[in-house]
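The values are calculated or read from the model by the stated rules, or taken from the named source; none is laboratory data. As the structure is a prediction and not an experimental result, all values here were calculated from the model. Here the Cβ positions follow ideal geometry from the backbone for every residue, glycine too, while neighbour counts run over all protein chains shown. Accessible surface areas use protein heavy atoms only, side chains included; no ligands, DNA or RNA. Shrake-Rupley method; radii C 1.70, N 1.55, O 1.52, S 1.80 Å.
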Amino acid sequence: MALLEVKDLSIIYRTPFGIVNALNDITFNIDKGESLTVVGESGSGKSTLALAIARLLPPNAKYVSGSIIFDNIDLLKLSSDEMRKIRGTGIFMVFQEPATSLNPVFKVKDQLMEAVRIRYEREGNIFDENKAISEIISVLKDVRMPDPELIIERYPHQLSGGQIQRVMIAMGLLMRPKLFIADEPTSALDVTVQAQILRLLKDLKREYGISILFITHDIAVASIIADSVMVLYAGQLMELGSVKSVMHEPKHPYTQALLSSIPRISKTEGKLPIIGGSVPNLLNPPPGCRFHPRCPFRMDICSKAVPNLTKVNDIYVRCFLYGQ
Amino acid sequence: MGSDVLIRTENLVKVFLAKNYGIINRILREKPLFVRAVDDVSIEIPTGKTTALVGESGSGKTTLGRLLVTLEQPTSGRIYFHDIDITKARGRDLRNIRAKLQMVFQDPYSSLNPMMRIKDIIGEPLKNRGVRGKELDEAVAKIMGEVGLDYSSLATRRPSELSGGQRQRVAIARALITNPEFVVLDEPTSALDASTQAQVLNLLVDLQNRHNLTYLLITHNVAVAKYMSDLIMIMYMGKILEIGDTGSVLKEPLHPYTQALIESVPDIGKSELKPPTGEVGSLVNPPKGCRFYPRCPFRMDICREREPPIVEVKNGIKVACWLYVKK
């Protein structure tokens with residue numbers, strides 16, 4: 001039983017320069033307790049996807065088609081008030097920039113307390129401050145925060161980026177969401193702190209059984225955190241499959257090129273193969289498959305039609321090389 | 001002193017004021033707070049090779065890079081370029097030395113003046129040295145060709161019309177137009193997409209071979225350091241903790257911090273990471289002994305009390321750790 005079912009989702013942004021086709025026909029599921037990692041470069045639509053699921057898109061965005069079924073509810077049919085009740089306890093989101101995630105004028109304690117209070121209210125229980133404090137301390141210990149009693153008395157600017165991301169994850173755990181969305185939560189952090197956070201998320205998934213939608217530009221990070229991987233390019237879903245299959249036997253030429261063009265610590269000598277050109281401008285995307293101008297295997301049909309998502313072994317891939 | 005060393009530093013120190021220290025603080029007799037961004041660094045950079053300087057944020061790697069190209073004045077210590085002490089150079093001498101020492105900055109979205117045309121950005125260093133007219137245009141066209149930018153279509157554009165990869169090529173062209181010997185590359189690809197990163201890295205290798213350039217590659221990305229460099233230096237809280245040839249250091253890291261750093265790097269096919277505990281400490285009030293002491297799994301009593309000297313452990317690999325000091 002899937003917790004989240006996204007079907008044929010398309011999103012555009014209206015801008016003064018024209019229509020930006022940010023996402024096109026995205027379809028995927030996330031099961032209970034599963035983690036899906038979305039990998040993409042800038043402009044691939046990965047953050048748009050995260051915001052679309054939480055219904056936090058800016059006003060100039062528009063849902064063109066598709067549905068988002070979360071826990072048997074179609075999120076796109078909900079009113080703003082009904083959606084607000086899903087956020088936090090249903091879907092919780094951690095953003096990329098730790099510096100702007102928390103309210104700067106409240107202590108960490110008050111911000112975490114609010115999270116607990118909201119959960120108590122939605123569960124129909126009576127809020128007890130002392131009980132809440134002990135719960136907050138125990139969750140901060142769960143996220144491996146040193147000296148939680150001292151940390152909760154501080155303001156956000158007194159914490160480091162790694163500490164804030166831990167507070168955000170702790171807030172998530174206090175709300176007990178079913179789906180945890182993390183939009184590049186480690187990109188602004190140092191590599192040793194990133195490793196700590198990734199390890200923590202993995203432990204929490206195991207202990208609490210939450211589903212995770214993890215967004216990253218670093219395909220190597222996906223290898224650590226994901227059960228399955230989705231590769232986005234210029235708003236198109238190119239490939240979707242288990243982390244093992246996608247990393248070791250990538251089907252789409254873009255995934256193949258991406259995997260071979262990043263420097264790796266375990267790989268030795270030899271020049272890196274490159275992908276020519278650059279990511280297309282979505283105001284005026286290439287027709288057909290959006291990767292075709294950079295693709296080494298392009299055929300005539302690639303610029304004329306968009307390939308369908310085809311299943312090859314256990315991978316879904318959008319490419320004419322695998323027939324239609 | 002071997003002739004194959006291009007740049008050498010002796011006990012280089014750079015101290016910044018952590019907080020503004022003005023007349024009011026003076027009247028109130030407050031103590032100024034200092035940050036030792038680069039603390040007693042003695043290194044040698046070999047000619048024609050790439051030396052990677054790897055560290056986390058706040059380790060002082062960018063400050064060290066800026067010191068080497070004379071963009072910062074050291075608080076104490078010496079920098080020798082071709083055995084000439086450049087910390088004492090002034091005026092015309094300094095201008096001539098600076099043409100030989102160039103830097104490519106991290107973020108091509110903020111390092112290029114948005115009001116200037118591409119050909120003016122690239123040509124400015126030469127213009128400052130008195131080159132004008134046709135000679136200047138020819139030099140700009142030549143260097144643009146070398147970094148893979150089309151002169152006829154891009155010369156009169158402005159940075160906002162270029163992609164991230166193209167902008168970084170402009171920054172590289174600007175650094176190379178004075179024909180430098182030494183180039184500091186400060187995170188040259190960290191602002192670029194994965195698919196354009198390889199293009200820029202390969203371009204840098206080609207240019208190095210063609211012009212016999214010496215690179216100092218500043219990066220937090222161990223995988224990029226591995227791909228690009230011959231020699232690697234690991235920096236932590238202003239100190240160099242380990243130096244050696246890149247292959248050996250990454251295969252068999254000796255310093256506990258280097259080991260923890262490498263265990264933290266995600267890689268395709270790797271499913272577990274083993275990061276060190278804790279976070280980088282405060283630079284205003286650093287640990288008295290070894291800087292890594294509070295996070296080190298092998299810490300001993302001596303590590304808290306005294307700073308370890310940097311000693312050669314094997315085949316030219318130097319480590320600053322009490323585990324390797326013979327008593």
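A few remarks follow.
- Taking 27 Å as the limit for the C-alpha separation, the pairs B:LYS142/B:LYS226; B:LYS288/B:LYS318; A:LYS251/A:LYS271; A:LYS271/B:LYS251; B:LYS239/B:LYS270 exceed it in the case of B:LYS142/B:LYS226; B:LYS239/B:LYS270.
- Percentage relative contact order, region A:99-176, counting C-alpha pairs under 8 Å, at least six apart: 49 percent
- Gain upon complete extension [B:SER42, B:THR75; 0.36 nm per residue less C-alpha separation]: 10.5 nm
- Length-normalised contact order for chain B - Cα pairs under 8 Å, 6+ apart - percent: 19 percent
- Loop sites in region A:249-324: trypsin sites (Lys or Arg not before Pro), DSSP, at most 16 other Cβ within 10 Å: A:LYS267, A:LYS271, A:LYS304
- Computed over region B:262-327, relative contact order equals 20 percent, with contacts defined as Cα pairs under 8 Å that lie 6+ residues apart.
- Prolate/oblate/rounded label for region A:1-59 (Cα gyration tensor, a/c 1.5): prolate
- Within the accessible area of region B:1-145 (1.4 Å probe), percent carbon and sulfur: 50 percent
- Counting heavy atoms of the protein chains alone, A:HIS157 has an accessible area of about 150 Å² for a 1.4 Å probe.
- Restricting the calculation to alpha carbons of region A:99-176 gives Rg and Dmax of 11.7, 35 angstrom.
- Listed residues B:THR196, B:THR63, B:THR51, most fluctuating in chain B (Gaussian network, C-alpha, under 10 Å): B:THR196
- The mean of 1/r over all pairs of different alpha-carbon atoms in region B:53-93, once inverted, gives a Kirkwood hydrodynamic radius of 11.4 Å.
- Modelled spin labels at B:SER190 and A:GLU123, positioned 7 Å past Cα toward Cβ, are 4.2 nm from each other.
- Among the protein heavy atoms of region A:99-176, carbon and sulfur supply 50% of the accessible surface, probe 1.4 Å, non-protein parts ignored.
- Distance cut-off 19 Å, percentage of C-alpha pairs in region B:242-327 lying past it: 45 percent
- Per residue, in Å², the accessible surface of region A:99-176 once ligands and nucleic acids are set aside, probe 1.4 Å: 50 Å²
- Stretchable slack from B:ASP107 to B:ASP206, in nm (0.36 nm times residue separation minus alpha-carbon distance): 33.5 nm
- The protein assembly as shown: equivalent-ellipsoid semi-axes (sqrt of 5 x gyration tensor eigenvalues, Cα, Å): 42, 34, 23
- Its Cα centre serving as origin, region B:1-76 has a Cβ charge dipole (Lys and Arg +1, Asp and Glu -1) of approximately 400 debye.
- The 1.4 Å probe gives accessible areas that order A:PHE180, A:PHE17, A:PHE127, largest first, as A:PHE17, A:PHE127, A:PHE180.
- Surface burial for B against A, with a 1.4 Å probe and both sides summed, reaches about 3400 Å² of accessible area.
- Carbon + sulfur, % of accessible area of region A:244-322 - ligands and nucleic acids excluded, 1.4 Å: 53 percent
- Cα gyration tensor of chain B - equivalent ellipsoid semi-axes, whole Å, descending: 35, 24, 20
- Size descriptors for region A:54-201: radius of gyration and Dmax over Cα atoms are 16.1, 48 Å.
- Remark: mean inter-chain Cβ contacts per residue of B:258-267 equal 5, using a 10 Å Cβ-Cβ cutoff to other protein chain atoms.
- Beta bridge orientation in chain A: antiparallel %, DSSP, nearest 5: 60 percent
- With the cut-off at under 16 Å, measuring from each backbone N in region A:8-29 to a point 7 Å along the Cα-to-Cβ line of A:ASN308 picks out A:8, A:25-27.
- Only Lys, Arg, Asp and Glu carry charge here, each on its Cβ (+1 for the first two, -1 for the last two); on that basis region A:28-141 has a dipole of about 140 debye about its Cα centre.
- Shown for region B:192-207: residues covered by the partner protein chains by 50 Å² or more of accessible area relative to the chain by itself (probe radius 1.4 Å), namely B:ASP193, B:ALA194, B:SER195, B:ALA198, B:GLN199, B:ASN202.
- Spacing of the two label points (7 Å from each Cα toward its C-beta) at B:LEU17 and B:GLU138, in nm: 5.0 nm
- Residues of region A:182-206 whose accessible area (probe 1.4 Å, heavy atoms of protein chains only) drops by at least 50 Å² once all protein chains are present, relative to their chain alone: A:ASP190, A:VAL191, A:THR192, A:ALA195, A:GLN196, A:ARG199.
- Gyration tensor verdict on region A:60-146 (Cα atoms; rounded if a/c is under 1.5, prolate if a/b is larger than b/c, oblate otherwise): prolate
- The residues of chain B expose, per residue, 46 Å² of accessible area to a 1.4 Å probe.
- Taking amide H positions as modeled 1.01 Å from N, with prolines and chain starts lacking one, the residues under 5 Å from B:VAL184 and 5 or more places away or on another chain are B:GLN102, B:MET103, B:VAL104, B:LEU216.
- Buried on assembly, region A:246-279 (at least 50 Å² less accessible surface than by itself, 1.4 Å probe): A:PRO263, A:ARG264, A:ILE265, A:LYS271, A:LEU272, A:ILE274
- Listed residues B:ALA37, B:SER271, B:ILE143: farthest to the positive end of the dipole of chain B (Cβ charges): B:ALA37
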